[in-house]
Amino acid sequence: MDMTPKRAVDSATEMVQVVLPNDANPLGFILGGTVMHLIDIAGAIACHRHSRTLLVTAAVDDLQFLHSIKVGDLIILKARVTCVFNTSLEVQVDVFSEETLTGRRQLTSRAFLTFVAIARDGQRIKVPPLLVETDEERRVCEEAQERRAGRLKKRDAR
Ligand SMILES: CC(C)(COP(=O)(O)OP(=O)(O)OC[C@H]1O[C@@H](n2cnc3c(N)ncnc32)[C@H](O)[C@@H]1OP(=O)(O)O)[C@@H](O)C(=O)NCCC(=O)NCCS
């Protein structure tokens, strides 16, 4: 297993697709569940690119849908690893709508997901560290550590 630290930019992932009628509710807006599915996929791809392991989704933080995305719009998902812990890592996924005729873009959701690296036999696997080089990257990772502490507290309270 190559444990060389990796930059977030090297695993950052952008997914774009057009919203088709099959993805929509009777109002012509993309289904929340479809957006959640795409968030999971985009986050997983970024984490796979970072860890090069199999992964499971351990947590998705509270998710809001700030604007609807209509049939014919583009849905754009940008995923970036924020922090690597031990066998787990956090990824931020920002979701945008883009009107095809005007190019108008809006942030519609921001999600933080935690993935755990796991072998086929169920063993947890250590994830290569994240190379944190700038003050901004340090801030992002520190915020992720705070969210992680909150998540684990919530899990342990159950
Ligand atoms: C996620 C899962 C692997 C955690 O296993 P566990 O035995 O409870 O947790 P462990 O104590 O072994 O912790 C493993 C890592 O997961 C992290 N973790 C566990 N539960 C977590 C949670 N609810 N939120 C965030 N991180 C969590 C731990 O912090 C640890 O990370 P670290 O090594 O970086 O410190 C396990 O609960 C599971 O398999 N859940 C089902 C996953 C699934 O089916 N997802 C959907 C389909 S992919």
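Values computed for the structure shown
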| quantity | calculated |
| --- | --- |
| Pairs of Cα atoms farther than 14 Å apart, segment 98-158, % | 76 |
| Computed [θ] at 222 nm, helices only, for the chain once each DSSP H run of length n ≥ 4 contributes -39500 (n - 2.57) | -10000 deg cm²/dmol |
| Eligible lysines near LYS70 by straight Cα distance, threshold 28 Å, same-chain separation 8 or greater | LYS78 |
| Free-standing Cys, the chain [no other Cys Cβ under 4.7 Å] | CYS47 |
| Value of Rg/Rh across the chain [Cα atoms, Kirkwood radius] | 1.01 |
| Fully extended contour minus Cα-Cα distance, from THR134 to ASN22, at 0.36 nm per residue | 36.1 nm |
| Cα-based helix-to-principal-axis angle, 135-157 vs the chain, degrees rounded to 10 | 90 |
| For segment 71-103 versus segment 111-158, the gap between their alpha-carbon centres in whole angstrom | 18 |
| The chain: angle of helix 32-51 to the longest principal axis, Cα-based, in degrees nearest 10 | 40 |
| Theoretical FRET efficiency, 1/(1+(r/R0)^6), r = Cβ-Cβ of GLU146 and GLN64, R0 22 Å, to 0.05 | 0.70 |
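Each reported figure results from applying straightforward, stated rules to the coordinates on display, with no laboratory input. Predicted model only: the values in this text are computed from it and were never measured. Methodologically, a virtual Cβ is constructed for each residue, glycine included, from the backbone with ideal geometry; neighbour enumeration extends over all protein chains shown.
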